[in-house]
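Taking it in order: structure first as structure tokens, then the write-up.
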Amino acid sequence: MKLEVENITKKYKDKTAVDNVSITFTPGVWGLLGANGAGKTTLMRMIAGIMEPTEGKILYDGVPIETLQGEYRRIFGYLPQEFGFYPEFNVQDYLEYMAALKGMPKREAKRKIDELLEQVSLSEVRKKKIVKLSGGMKRRVGIAQALLNDPEVLILDEPTSGLDPGERVRFRNLLSEFAKDRIVVISTHIVSDVEYIANQNAIMKDGKIIENDTTEQLVRLVDGKIWECKIPSSDLVKWERALKLINLRNEADGTTSIRYLSDQAETPDSVSAVPRLEDLYLWLFPQEGEVRL
Ligand SMILES: Nc1ncnc2c1ncn2[C@@H]1O[C@H](COP(=O)(O)OP(=O)(O)OP(=O)(O)O)[C@@H](O)[C@H]1O
């Protein structure tokens, strides 16, 4: 099973949103990371077959996806970033409607919907109108509809936006289970969402894939560049100016623990830290850096 993206480009008038991208997706969870405007949504829409590339082709097991027709609905599941629901439908009716669009027999659809509502913790609100649900619940309805037909290729555009931390963890577990023998592509700019479940990550910048590798290999790019130390809290402003801070935590004893990016230790007591995907991301996209207190 493989999804091959060959030299695809998408131009919107004079803007090249995706620029000659080639990548082969194999079974497993793939993280597609990149800053706002990097071209993730455009790439996902082309992979999901709902937008035509200006140039290039996409093949599923050697077959161009635009020629899959009916088979396409069986193979692909897609959660768009902007999800147009039918707000007056209740959750159950909406999922039944989506199952019918995907050509699922009624009985099978009912069984699958029960199972999914349980998995995304929505059984209790199945009769509630979608318009009345919270943002996180709506997102979970979107995730459920993308999983309805047990797709071989699941494409999720910013699936965790609006989910609270508990929902995020449940979502990750659900996906890890689901991803066996399937291709799952998740686009996000929340690195921690893919850090624990993605086997492979593609990083996009200005319409191009600039890195594509396993998490272990990718973090090696910042090996020896991540440091941790404690500083007096009163010196924080000085260090914030001098260093590329990744994280900081105020301690009870008047010190602040900091994690920073640098080619060498910047204080005598700095110790080298094991790099994480988030460190790499901030190294690649320094303007995205946001110190969390
Ligand atoms: N319909 C459109 N017409 C013109 N330009 C567009 C259109 N859609 C997207 N773009 C531009 O193409 C570029 C890539 O957009 P895209 O939405 O694919 O990025 P993204 O990585 O998904 O960003 P985000 O995380 O903010 O959704 C951006 O510069 C965007 O402004």
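The values are calculated or read from the model by the stated rules, or taken from the named source; none is laboratory data. Since this is a predicted model, take the numbers as computed values, not measurements. Because the Cβ atoms are built from the backbone with ideal geometry, glycine has one as well, and the counts that use them run over all protein chains shown.
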Legend entry - Hey, Lys102 surrounded by fewer than 19 Cβ atoms within 10 Å (Cβ to Cβ) and either farther than 24 Å from Phe25 by Cβ or at pLDDT 90 or above (or both) or not: no
Inset, instruction - Check whether at least one residue in the range 140-151 is of a type in the set (Val, Ile, Thr), within 16 Å of the ligand (Cβ to nearest atom) and without any contact (Cβ under 8 Å) to a residue 60 or more places away in the chain, and report yes or no. - result: no
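Quick one: which helices (runs of 4 or more DSSP H) sit completely within the range 113-205 and have at least 2 residues that are modelled with pLDDT under 95, more than 17 Å from the chain's Cα centre (by Cα) and not charged (D, E, K, R)?
Working: elements: 135-147, 165-178, 191-195.
Answer list for the range 113-205: 135-147.
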Legend entry - Scope the range 187-209; condition of a type in the set (Asp, Glu) and crowded, with 20+ Cβ neighbours inside 10 Å; matching residues: Asp193
Inset, instruction - Search the range 4-23 for residues that are farther than 19 Å from Ile203 by Cβ and in contact (Cβ under 8 Å) with a residue 12 or more places away in the chain and pair each with any residue that is within 11 Å of the ligand (Cβ to nearest atom) and aliphatic (A, V, I, L, M) when their beta-carbon atoms are under 9 Å apart and the residues are at least 6 apart or on different chains. - result: Lys11/Ala17; Lys11/Val18
Legend entry - the range 18-57, subset away from the ligand (no atom under 11 Å from the Cβ) and of a type in the set (Ser, Thr, Tyr), residue surrounded by the most Cβ atoms within 10 Å (Cβ to Cβ): Thr54
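So is Lys230 surrounded by fewer than 18 Cβ atoms within 10 Å (Cβ to Cβ), more than 16 Å from the ligand (Cβ to nearest atom) and over 30 Å from Pro27 (Cα atoms) or not? Before you say what the answer is, go through the steps one by one.
Working: surrounded by fewer than 18 Cβ atoms within 10 Å (Cβ to Cβ): yes; more than 16 Å from the ligand (Cβ to nearest atom): yes; over 30 Å from Pro27 (Cα atoms): yes.
In short, yes.
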Inset, instruction - Those residues that are without any contact (Cβ under 8 Å) to a residue 40 or more places away in the chain and touching a Leu at 6+ places or on another chain (Cβ under 9 Å), I need them from the range 27-64; list them, please. - result: Gly49
Legend entry - Filter pass, Tyr60 being more than 16 Å from the ligand (Cβ to nearest atom), of a type outside the set (A, V, I, L, M) and crowded, with 17+ Cβ neighbours inside 10 Å: yes
Inset, instruction - For the range 65-84, indicate whether the set of residues that are at pLDDT 85 or above and surrounded by fewer than 16 Cβ atoms within 10 Å (Cβ to Cβ) is non-empty. - result: yes
Legend entry - Conditions (1) within 16 Å of the ligand (Cβ to nearest atom); (2) surrounded by fewer than 21 Cβ atoms within 10 Å (Cβ to Cβ): number failed by Ile155: (2)
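Of all residues in the range 245-272, which are in a strand (DSSP E or B) and loosely packed, with under 15 Cβ neighbours inside 10 Å? Break it down into steps so the answer makes sense when it comes.
Quick first cut of the range 245-272, residues in a strand (DSSP E or B) only: 245-250, 255-261, 271-272.
If the condition is that a residue be in a strand (DSSP E or B) and loosely packed, with under 15 Cβ neighbours inside 10 Å, then Arg249, Asn250, Ser257, Val271, Ser272 are the ones that fit.
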